[in-house]
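**Student:** Provided herewith is a single structure, encoded as structure tokens, for subsequent inquiry.
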Amino acid sequence: ATNEDNYVLQKFVRLLMGTNSIDHCSWLCHAPSVTAMLQQIGSGATSNSYADYELAGCLMVVGSDTSSNHPVIASRLRRAIERNGARLIVVNPKRIDLCGYTELWLRPNPGTDVALFNSIARAMLDEGLEDRAFIDSRTEGFDAWRASLEEYAPEHVEAMTGVPSALVREAARLYARPLFGGSCLLWGMGITQHTNGTDNAHALMNMALAAGQVGKPGSGISPLRGQNNVQGCGDVGCLPNTLPGFQGLGDDARAKFAAAWGGPLHAEPGLTSTEMIEEAAAGRLKAMFVMGENPLLSEPYLAHAREAIGKLEFLAVQDIFMNETAELAHVVLPATSFAEKEGTFSNSERRVQRVRRAVAPIGESRPDWEIVGEIARRVAALLGRDASGFAYESPARIFDELASLMPAYGGLSHERLDREGGIQYPCPTPDHPGSPRL
């Protein structure tokens, strides 16, 4: 689903369904990263671009089979290693393709990630490798964090993590003081799909901030997304606790969107995708609208999810084929694939990419934004509400609306995207001159 599809859906849910209970697959993959990053650095997106990987002197890849899941990124990493001599650190219990290029391969015991990352940070502090100028000017809480590392000496946690202390200390040296450039830290769902996934992300970011490996060429922190346009879907508001642009549900943000959309919005956070299943199982959730998602394939406890969804009084599924969830639906709405629609995607490096229709829609299928927009207009009429806010004639109009309400996309327009194809955000504008200090 494009940014425009997702934006119209969350607007329909919030404005006309009267709830913030909208969620997408990131809650099962990278929500821990987003939560930790919003708390710690104020942004739920990667801090650097793919080009930084080729400027880095050290690359640390944690919990990601990058060659399989992110081949474009993996090619950049291999180029940095083979052409520029960058050092690679792989942190993964299993062997992956990149292990053939690595300087160090750390294989922690499952469930010991926080202990490992804290021991690397402790090794940095033991050898005076921290960046004091960066810490003093751009961070807070350092002394309390340093005190919390008292029990994480590499030799002390070696038996727990299974990683030799010598390798931990060597990793600390390579990451904190690369031979040239900076260090890039990349992580995947191998450390976020855990009950302590948010703690894992916090520990990684603490390590990066202590080393000062953020905010300069060839450095940065990169949570690698799990599916296409997961970044964009979160950006445009398909989360139960944030409005578009990761703006909270506070009075000021709600007032801005209410004025633009022409109706009041709820202040209470909605249900997450996993909570929706539990509420349906308990009989408290009566209806569900599923667009481009397949809970009966992605939920961790499929038998329970099938039973819960079977209790719904009404289920609508909007998708491009009859998946497992659609088979239980009361209504199936045929949508178009990415190749049959216009719009934008936002990738892991925060690049907003223009996509164009390659083939005509098949049969009676229609773009997601068009289907949702028509349903919204009909619902508005039933409720006696103004439906003009859903009378979009093109994805371009939708994009311009969302860009006007989201500071991160504020420097973009559909004309510029049409001209330049793909643009990274935050995009400097007079009102938003650049990325905020950490």
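**Student:** Could you compute how much accessible surface Lys311 exposes when probed at 1.4 Å, giving the result in Å² to the nearest 10?
**Tutor:** Only protein atoms counted, so the area is about 110 Å².
**Student:** Take peptides 109-121, 181-193 and line them up by average Cβ neighbours within 10 Å, highest first, as a rough protection proxy. If you can, show how the numbers build up before the last one.
**Tutor:** Details: 109-121: 22.1, 181-193: 23.9.
Top to bottom by mean Cβ count within 10 Å: 181-193, 109-121.
**Student:** Then there is this: So if R0 is 30 Å, what FRET efficiency would Glu393 and Phe314 give, r being the distance between their Cβ atoms, rounded to the nearest 0.05?
**Tutor:** Numbers: r = 30 Å, r/R0 = 0.98.
So the FRET efficiency works out to roughly 0.50.
**Student:** On a 1.4 Å probe surface of the protein chains, which of Leu59, Leu383 comes out largest in accessible area, and what is the full order?
**Tutor:** Values: Leu59 0, Leu383 95 Å².
Ranking Leu59, Leu383 by accessible area, largest first, yields Leu383, Leu59.
**Student:** Next up: Starting from the 7 Å offset along Cα-to-Cβ, what nm value, one decimal, do you get for the label separation of Ala287 and Ala144?
**Tutor:** In this crude label model, Ala287 to Ala144 measures out at 4.6 nm.
**Student:** Which GluC sites (Glu not before Pro) from region 122-231 combine a DSSP loop assignment with at most 14 other Cβ atoms within 10 Å?
**Tutor:** Numbers: sites: Glu127, Glu130, Glu140, Glu150, Glu151, Glu155, Glu158, Glu170; in loops: Glu127, Glu130, Glu140, Glu150, Glu151.
Listed in order of number, the matching sites are Glu127, Glu140, Glu150, Glu151.
**Student:** Let me ask you something else. Can you give the local net charge around Gly389? Use residues other than it whose beta-carbon is closer than 12 angstrom to its beta-carbon, Lys and Arg +1, Asp and Glu -1.
**Tutor:** +3
**Student:** Direction-averaged shadow area of the convex hull around the Cα atoms of the chain, nm²? Let's see the in-between values first.
**Tutor:** Values: hull surface 88.2 nm².
Result: 22.1 nm².
**Student:** So, one more: Could you check which residue among Ala36, Ala282, Ala305 shows the biggest mean-square fluctuation in a GNM of the chain with a 10 Å Cα cutoff?
**Tutor:** Ala282
**Student:** Then there is this: Projected onto the charge dipole of the chain (+1 at Lys/Arg Cβ, -1 at Asp/Glu Cβ, origin at the Cα centre), which of Ala159, Gln231, Leu297 gives the Cα projection farthest towards the positive end?
**Tutor:** The residue sitting most towards the positive pole is Gln231.
**Student:** Find which of Ala260, Val214, Leu243 sits farthest along the positive direction of the dipole of region 195-301, computed with +1 on the beta-carbon of Lys and Arg, -1 on that of Asp and Glu, about the Cα centre.
**Tutor:** After comparing all options, I get Val214.
**Student:** Given Cβ point charges of +1 (Lys, Arg) and -1 (Asp, Glu) and nothing else, what value in debye, to the nearest 20, does the dipole of region 248-365 about its Cα centre take?
**Tutor:** Working: 12 positive and 17 negative charges, 106 e Å.
The dipole magnitude comes to about 500 debye.
**Student:** Among the lysines in the chain, how many pairs, 8 or more places apart or on different chains, have alpha carbons under 23 Å apart? Before the final figure, lay out the partial values.
**Tutor:** Numbers: Lys11/Lys256; Lys11/Lys286; Lys11/Lys341; Lys286/Lys311.
Going through the chain pair by pair, I get 4.
**Student:** Also, I was wondering about something else. What order, most packed first, do the peptides 326-337, 221-232 have when packing is the mean number of other Cβ atoms within 10 Å of each residue? Please list the in-between numbers first.
**Tutor:** Details: 326-337: 17.0, 221-232: 23.7.
Ranking, from highest mean packing down: 221-232, 326-337.
**Student:** Only Cα pairs under 8 Å and at least 6 apart count here; give the relative contact order of region 1-109 as a rounded whole percent. Show your work: numbers first, answer last.
**Tutor:** Values: 104 pairs, mean separation 18.8, N = 109.
Dividing the mean separation by the residue count of region 1-109 yields 17 percent.
**Student:** Still on this model: Taking N as the number of residues in region 1-156, what is its alpha-carbon radius of gyration divided by 2.2 N^0.38 Å?
**Tutor:** Values: Rg = 19.4 Å, N = 156, 2.2 N^0.38 = 15.0 Å.
This ratio for region 1-156 stands at 1.29.
**Student:** Dipole size in debye (nearest 20) for region 55-145 around its Cα centre, Lys and Arg Cβ +1, Asp and Glu Cβ -1? Show your work: numbers first, answer last.
**Tutor:** Values: 11 positive and 12 negative charges, 113 e Å.
Magnitude of the dipole: close to 540 debye.
**Student:** Here's another thing I want to ask about it. May I ask you to give the percent of accessible area on the chain that is carbon plus sulfur, with a probe radius of 1.4 Å?
**Tutor:** That share works out to 52 percent.
**Student:** Can you give me the distance in nm between label points at Ala360 and His156, each placed 7 Å from the Cα along the Cα-to-Cβ direction?
**Tutor:** 7.0 nm
**Student:** Still on this structure: Using the Cβ atoms and a cut-off under 12 Å, what net charge is assigned to the surroundings of Ser222, where Lys and Arg are +1 and Asp and Glu are -1?
**Tutor:** Details: positive: Arg76, Arg225, Arg350; negative: Asp52, Glu349.
Result for the local shell: +1.
**Student:** At what distance in angstrom do the alpha carbon centres of region 233-268 and region 95-155 lie from each other?
**Tutor:** Spelled out, the Cα-based centre of one part sits 36 Å from the other.
**Student:** With a 10 Å radius around each residue's Cβ, average the other Cβ atoms per peptide and rank 259-266, 291-298, 87-94, highest first. It would help to have the intermediate numbers written out before the result.
**Tutor:** On the way: 259-266: 14.6, 291-298: 18.6, 87-94: 20.2.
The packing order, highest mean first, is 87-94, 291-298, 259-266.
**Student:** I would also like to ask the following. Kindly state, to the nearest 0.05, the FRET efficiency for Ala259 paired with Arg416, given R0 = 35 Å and r defined as their beta-carbon distance. Mind dumping the intermediate values first?
**Tutor:** Values: r = 25 Å, r/R0 = 0.73.
Working from the Cβ atoms, E equals 0.85.
**Student:** Moving to a separate point now. Could you give the accessible area per residue of the chain, probe 1.4 Å, as a whole number in Å²? Present the calculation step by step, with values, prior to reporting the outcome.
**Tutor:** Working: 18650 Å² over 438 residues.
With the other protein chains kept in place, the chain gives 43 Å² per residue.
**Student:** Could you check which residue among Asp252, Asp131, Asp418 shows the biggest mean-square fluctuation in a GNM of the chain with a 10 Å Cα cutoff?
**Tutor:** Asp252
**Student:** Taking the simple approach of a point 7 Å from Cα along Cα-to-Cβ for both Glu82 and Asp251, what is their distance in nm?
**Tutor:** 5.9 nm
**Student:** Here is a further query. Where the centre of each part is set by its Cα atoms, how far does region 1-38 sit from region 196-212, in angstrom?
**Tutor:** 25 Å
**Student:** Using a Förster distance of 60 Å, how high is the FRET efficiency between His330 and Arg173, based on the Cβ-Cβ distance and rounded to 0.05? Let's see the in-between values first.
**Tutor:** Details: r = 60 Å, r/R0 = 1.00.
Rounded to the nearest 0.05, the efficiency is 0.50.
**Student:** Trypsin sites (Lys or Arg not before Pro) within region 1-85: which are DSSP loop residues with at most 12 other Cβ atoms inside 10 Å? The partial results should precede the final answer.
**Tutor:** Details: sites: Lys11, Arg14, Arg76, Arg78, Arg79, Arg83; in loops: none.
Filter output for region 1-85: empty list.
**Student:** Something else now. Treating only the Cβ of Lys, Arg, Asp and Glu as charged (+1, +1, -1, -1), what charge dipole size does the chain show about its Cα centre? Round to the nearest 20 debye. Don't jump to the answer; show the numbers that get you there.
**Tutor:** Values: 39 positive and 52 negative charges, 157 e Å.
Approximately 760 debye in magnitude.
The values are calculated or read from the model by the stated rules, or taken from the named source; none is laboratory data. What you see is a predicted model, and the numbers here were worked out from it, not measured in a lab. Note that each Cβ is placed from the backbone with ideal geometry, even for glycine, and that neighbours are counted across all protein chains shown. The accessibility values were calculated without ligands, DNA or RNA, using every heavy atom of the protein model including side chains. Shrake-Rupley method; radii C 1.70, N 1.55, O 1.52, S 1.80 Å.
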